[in-house]
Structure formats: C-alpha cells, structure tokens
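> Before I ask anything, here is the structure I am working with.
Coordinate-derived values only; no laboratory data. Note that the structure is predicted; figures quoted are calculated from it, not measured. Cβ atoms come from the backbone with ideal geometry, glycine included; neighbour counts cover every protein chain shown.
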Amino acid sequence: KQEVTQIPAALSVPEGENLVLNCSFTDSAIYNLQWFRQDPGKGLTSLLLIQSSQREQTSGRLNASLDKSSGRSTLYIAASQPGDSATYLCAVPPSYGQNFVFGPGTRLSVLP
Amino acid sequence: SQTIHQWPATLVQPVGSPLSLECTVEGTSNPNLYWYRQAAGRGLQLLFYSVGIGQISSEVPQNLSASRPQDRQFILSSKKLLLSDSGFYLCAWSVRLSEQFFGPGTRLTVL
C-alpha cells in the first residue's frame, strides 16, 4: 500500500530565503507526482506535475524534482515571499485503483 | 479550459437534516470524479470516486452517499447528518490518473 509522508510538518522562514520541502513515497512504481498549494479555507491549487519519466519541473520560482528510485520528491521555492505562506501537499496516483494518495502537508509561513 | 464548480460554498445544517452537495466540471469529457473531506487540522480523506456515469466506489463506510447522474456532475448526499460530518468537502477531477484538479470546496457545519 502506497504511503506518502512530508517533512517538515511546519516551517517558518524570513522573507527572501530559499527553501526546500520534502515528500517521500513508499512504492516507487508511480506514474507521476503532483504538488499542490492550499490556502486556509480554500481548495487545492495544482502547482506542478512531474511525470515518472521526468526528473525536474519548473514554474516561476518553483522547482520540483523527482527521484523514483529513492522514493523522494522535493519542492524548491526560491526567494520566498509572504504570499507563499500556505500548506503544500504532494500526491501520487495509486499503484492500483483510482484513488490518489496524499501526504499530510507542510505548513509554510514566510515572515515579512 | 476546464473549470470545476462546487456549491454551496458554506452550509450550516442541524443534526439529522439531509444534505446535498453538488459538483460540476466543464471543459472535459468522461473525467474521474472524487469527493474528499478535510476535517479541521487533518489531512484529505477520500470519500468516493467515480470513473463513469452511475459508477461509484466508496472508500470509507459512513453516513454519506454519492451519485453521478451525468458525465460531469457528482453529488454528495446524506439522509441524516451527524455532528461528525462537519468538515471541508472538496470535489476533484482528473483524466484517468493524470493531473488532479480541485474545486473551491464547501464548508459544512453540523450543529
């Protein structure tokens, strides 16, 4: 059964810092990995989707990497801003069935 | 482009009352549809998913049911709400197991 964990659970940094969020999964046979952002009281916003054949995906100040063999993905946020404050979740599709498996999330606070 | 709608945005209901939450998707055909619940301070819990009209799979035994009367419509229902049904309900769609997209959510409070 696929399990997804995220470290750290919470992170507080001053504005302008570069930071890394981690996502680990137990079954390396994944099709892709998706990173989301969730603001309080809102739905999840898709940030990046990395296909299993890719090692990196970039969007603006965000860069996500994927290492299937080690069961890890990282989300790198460059030059963090207070507007980046949110909970970040990663998710992978199942090895069988249709239900995606989500990590518990990392709550990020960027202080001005 | 694809759009996903959920309504209502907020709902306050008494214990024992019925529930109907609706989700519709635009701009895609035959999507996989999902209902999740997010309790306060907790992670996402998958409640139901559907791969086609009339096809519903339940992940968690509970007081809720789901229906998919049309290709792009997904409904979450309950005949009698419990206090434990309070939470943030999210609808999502995907094309098979590719990228998943979420709606804005419904905040349900059962009193």
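> Quick one: which of A:VAL20, A:VAL4 is within 14 Å of another protein chain (Cβ to nearest Cβ), among the aliphatic types (A, V, I, L, M) and at negative phi?
A:VAL4
> Tell me, which strands (runs of 3 or more DSSP E) wholly within the stretch A:47-104 include 1 or more residues that are within 14 Å of chain B (Cβ to nearest Cβ)?
In the stretch A:47-104, A:56-59, A:62-67, A:86-92 are the strands (runs of 3 or more DSSP E) which contain 1 or more residues that are within 14 Å of chain B (Cβ to nearest Cβ).
> Report, by residue number, each residue of the stretch A:59-82 that is farther than 29 Å from B:LEU47 by Cα and in contact with a strand residue (DSSP E or B) (Cβ under 8 Å, 6 or more places away or on another chain).
Correct list: A:SER59, A:ARG61, A:LEU62, A:ASN63, A:SER65, A:ASP67, A:TYR76, A:ILE77, A:ALA78, A:SER80, A:GLN81, A:PRO82.
> Of the residues A:SER73, A:SER59, A:SER65, only one is buried (at least 21 other Cβ atoms within 10 Å of the Cβ), among the polar types (S, T, N, Q) and under 14 Å from the mean Cα position of the chain (by Cα); which?
The conditions single out A:SER73.
> Taking into account only those residues within the stretch B:57-111 that are in a loop (DSSP other than H, G, I, E, B) and touching an Asp or Glu at 6+ places or on another chain (Cβ under 9 Å), which is farthest from the other protein chains (Cβ to nearest Cβ)?
Filtering first and then ranking leaves B:ASN63.
> Report, by residue number, each residue of the stretch A:1-46 that is in contact with a Pro (Cβ under 8 Å, 6 or more places away or on another chain) and in a loop (DSSP other than H, G, I, E, B).
Those that are in contact with a Pro (Cβ under 8 Å, 6 or more places away or on another chain) and in a loop (DSSP other than H, G, I, E, B): A:GLN2, A:ALA9, A:GLU15, A:ILE30, A:TYR31, A:LYS42, A:GLY43.
> Filter the stretch A:1-20 down to the residues that are of a type in the set (D, E, K, R) and under 12 Å from A:SER109 (Cβ atoms) and list them by number.
Hits for the stretch A:1-20 are A:GLU15, A:GLU17.
> Any idea which residue in the stretch B:29-56 is nearest to the other protein chains (Cβ to nearest Cβ), counting only those that are within 28 Å of A:ASP39 (Cα to Cα) and outside any strand (DSSP E or B)?
B:GLY43
> Return a yes/no flag: does the stretch B:102-109 have any residue that is over 19 Å from A:GLY43 (Cα atoms) and of a type outside the set (Ser, Thr, Tyr).
No: zero hits.
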